[in-house]
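Below is one structure, written out as C-alpha cells, with a few remarks after it.
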Amino acid sequence: MDKRQFCKISMLSLGALVFPKKGLALEYYPTTPDKKWAILYGTWCGSARDASLWISEGMAGVANVFDVRENPDLSGYENIVIGGAIRMAKVSGELEKYIADHKNDLKGKIRGLFTVSGNMMQPVTPAQKAQLIDNYLAKLCEVSNVPSATFLGRVTLSLMDKEAAQMMSSMKDYDNLKRPECMAFGKQVFEAAK
Ligand SMILES: Cc1cc2nc3c(=O)[nH]c(=O)nc-3n(C[C@H](O)[C@H](O)[C@H](O)COP(=O)(O)O)c2cc1C
C-alpha cells in the first residue's frame, strides 16, 4: 500500500467514526409521502415504533415516521402525530424533552396523540386513558381535543436493559399490540384533519 492510498483509507475510516449516526439511522420510507405528515415516537423496545408505522399505514402511508432519538427537524411538516411507550406512567425522557424544546415547531400542528403501555395486559379503562392522554401527554403537548389512542403493548425481555428486565422478571413475553387498531387510529386522525 503506498502512502497516498494509506492516507485515503485513513481519512475514510476517520469519517466513518466522526459521522456514524447518520449512516446507522433507520430511515422510514412512506409509500406515498406528501411531506406534510410526520409521526414522532419514543420507544424502548420497539412496540411504539411498530405502532407508529402501522398508524402511518392507516393514513395510506403518507406519514414519515421518526424515532425521537434521531432529533428530527419537523419544522417543515404541517401535521404531526406524537406518541410513546410508557414506563412508570411516563413516555421516555427524550420524548418529554423534545416536546418541551420544540414547542414552537409543534404549535398548531399536533393532530393526534397515542401511548403504548402494558397495563397489566388488561384493556385500558376511560380513567386510565384520561390519566395517560388528557392529564399527561396532551398537557405536555399543550393540545386538547385531538384524536387519541392508548394501545396495549408488548414485553420482550431479551430487548430490555438489565434493570428493566429485572423489574419485569416475573413476567413472560407477550404481545398485545394490534396492527388493525393502530391502522384504524391512523385513518381516524387522517380523516379528522381533512
Ligand atoms: C421498566 C418498565 C416499566 C413499565 N411501566 C409501565 C407503566 O407504568 N404502565 C404500563 O401500563 N406499562 C408499563 N410498562 C410496560 C410497557 O409500557 C410496554 O412493555 C410497552 O409495550 C413498551 O413499549 P416499547 O416496546 O415501545 O418500549 C413498563 C415496562 C417496563 C419494562
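So which of A138, A165, A184 ends up being touching a Leu at 6+ places or on another chain (Cβ under 9 Å) and more than 16 Å from the ligand (Cβ to nearest atom)?
A138
Which one of the conditions (1) within 23 Å of L53 (Cα to Cα); (2) touching a helix residue (DSSP H, G or I) at 6+ places or on another chain (Cβ under 8 Å); (3) within 11 Å of the ligand (Cβ to nearest atom) does V189 fail to meet, given that it meets all the rest?
(3)
Would you check which residues across segment 30-79 are β-branched (V, I, T) and surrounded by fewer than 17 Cβ atoms within 10 Å (Cβ to Cβ) and list them?
Within segment 30-79, T31, T32 meet the criteria.
Can you say whether A100 is crowded, with 18+ Cβ neighbours inside 10 Å, in contact (Cβ under 8 Å) with a residue 24 or more places away in the chain, in a helix (DSSP H, G or I) and on the phi < 0 side of the Ramachandran plot, as far as the supplied structure shows?
no
Which of the residues that make up segment 185-194 are in a helix (DSSP H, G or I) and among the small types (G, A, S)?
Hits for segment 185-194 are G186, A192.
Consider segment 168-181. How many of its residues are at pLDDT below 95 and either acidic (D, E) or within 8 Å of the ligand (Cβ to nearest atom) (or both)?
1
Give the residues of segment 80-94 that are within 11 Å of the ligand (Cβ to nearest atom) and surrounded by 21 or more Cβ atoms within 10 Å (Cβ to Cβ), sorted by residue number.
G83, G84, A85, I86, V91
Name every residue in segment 153-194 that is exposed (fewer than 15 other Cβ atoms within 10 Å of the Cβ), over 19 Å from S117 (Cβ atoms) and hydrophobic (A, V, I, L, M, F, W, C), in order of residue number.
Across segment 153-194, the qualifying residue is only A192.
Go through segment 31-79 and give me each residue that's of a type in the set (V, I, T), within 8 Å of the chain's Cα centre (by Cα) and either within 12 Å of L113 (Cα to Cα) or not in a loop (DSSP other than H, G, I, E, B) (or both).
Answer for segment 31-79, where residues must be of a type in the set (V, I, T), within 8 Å of the chain's Cα centre (by Cα) and either within 12 Å of L113 (Cα to Cα) or not in a loop (DSSP other than H, G, I, E, B) (or both): I39, V65, V68.
Give me the helices (runs of 4 or more DSSP H) completely within segment 112-184, filtered to those with at least 1 residues that are out of contact with any strand residue (DSSP E or B) (no Cβ under 8 Å at 6 or more places or on another chain), of a type in the set (D, E, K, R) and closer than 30 Å to A60 by Cα, ordered by residue number.
In segment 112-184, 138-141 are the helices (runs of 4 or more DSSP H) which contain 1 or more residues that are out of contact with any strand residue (DSSP E or B) (no Cβ under 8 Å at 6 or more places or on another chain), of a type in the set (D, E, K, R) and closer than 30 Å to A60 by Cα.
With the structure loaded, tell me whether I82 is in a strand (DSSP E or B) and not charged (D, E, K, R) or whether it fails that test.
Judged against the criteria, I82 is a match.
The values are calculated or read from the model by the stated rules, or taken from the named source; none is laboratory data. Keep in mind it's a predicted model, so treat the numbers as computed, not measured. All Cβ positions, even for glycine, are placed from backbone atoms using ideal geometry, and neighbour counts span all protein chains on display.
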